[in-house]
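Read through the structure below, which is laid out as structure tokens, and then see the notes.
The values are calculated or read from the model by the stated rules, or taken from the named source; none is laboratory data. Just so you know, these numbers come straight off a predicted model, no measurement behind them. Accessible surface is based on the protein model in full, side chains and every heavy atom, while ligands, DNA and RNA are left aside. Shrake-Rupley method; radii C 1.70, N 1.55, O 1.52, S 1.80 Å.
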Amino acid sequence: MHTSIINQDWAILIIRLILGSVFILHGGQKMFGWLGGSGLQGWLGYMASLQIPTLIAYLPPFIEFFGGLCILLGIAAEVGAFGLLAVMLVGIYLVHWDKGYFSQNGGYEYALNLALLCLAIILAGSGPLSLWNLR
């Protein structure tokens with residue numbers, strides 16, 4: 001096997017581990033109040049302030065948590081990444097766009113970078129170093 005292919009396999013794994021853990025933790029903040037998060041009731045209150053219907057407001061925390069888990073483990077990573085890409089794009093549009101690019105101003109910098117990493121997983125797949133590809 002060519003060295004660059006081996007390096008690409010490890011690169012995809014590193015991206016999956018970082019991206020998956022970020023989304024698991026952010027979803028956990030919204031669902032369970034982990035690490036100072038608001039929990040589900042706080043999240044639903046925030047979504048209500050944006051006039052997002054409650055049924056739709058339940059989706060991002062669950063997609064973030066379980067999509068992140070899919071990416072982290074490499075089980076249906078592309079499906080998880082697709083759901084997370086959608087969440088990030090909607091978040092950019094509804095919350096961050098009017099604040100400009102930089103995240104210190106509440107802008108879309110961070111969400112855009114997460115969205116692009118999701119796109120990388122969609123295009124590259126979970127890679128051979130994943131539970132999905134164990135043989």
So residue 51 and residue 21, fully extended at 0.36 nm per residue minus their Cα-Cα distance, gain in nm 7.9 nm
Expected output is a single nm value to one decimal: the length gained when fully extending between residue 34 and residue 101, i.e. 0.36 nm times separation in residues minus the C-alpha distance. What is it? 21.4 nm
Residue-normalised accessible area of the chain, expressed per residue, 1.4 Å probe, Å²: 59
Once neighbouring chains are kept in place and the probe is 1.4 Å, which whole percent of the accessible area of the stretch 16-135 is contributed by carbon and sulfur? 71
At the level of C-alpha centres, the distance separating the stretch 1-80 and the stretch 98-135, in angstrom, is 10
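Which whole-number percentage describes the relative contact order of the stretch 39-135, with Cα contacts under 8 Å and a sequence gap of 6 or more?
RCO, the stretch 39-135: 26 percent.
Using the Kirkwood radius over Cα pairs, work out the Stokes-Einstein diffusion coefficient for the chain at 20 °C and 1.002 mPa s, in µm²/s as a whole number.
Using the Kirkwood radius from Cα pairs, D works out to 139 µm²/s.
For the stretch 4-53, compute Rg over Rh where Rg is the Cα radius of gyration and Rh is the Kirkwood radius from the inverse mean 1/r over Cα pairs. Working shown, then result.
On the way: Rg = 16.2 Å, Rh = 12.6 Å.
My calculation puts Rg/Rh at 1.29.
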In Hz, Karplus ³J(HN,Hα) per residue of the stretch 121-132 (6.51, -1.76, 1.60; θ = phi - 60°; x = Gly, Pro): 5, 4, 6, 8, x, 7, x, x, 8, 9, 5, 4
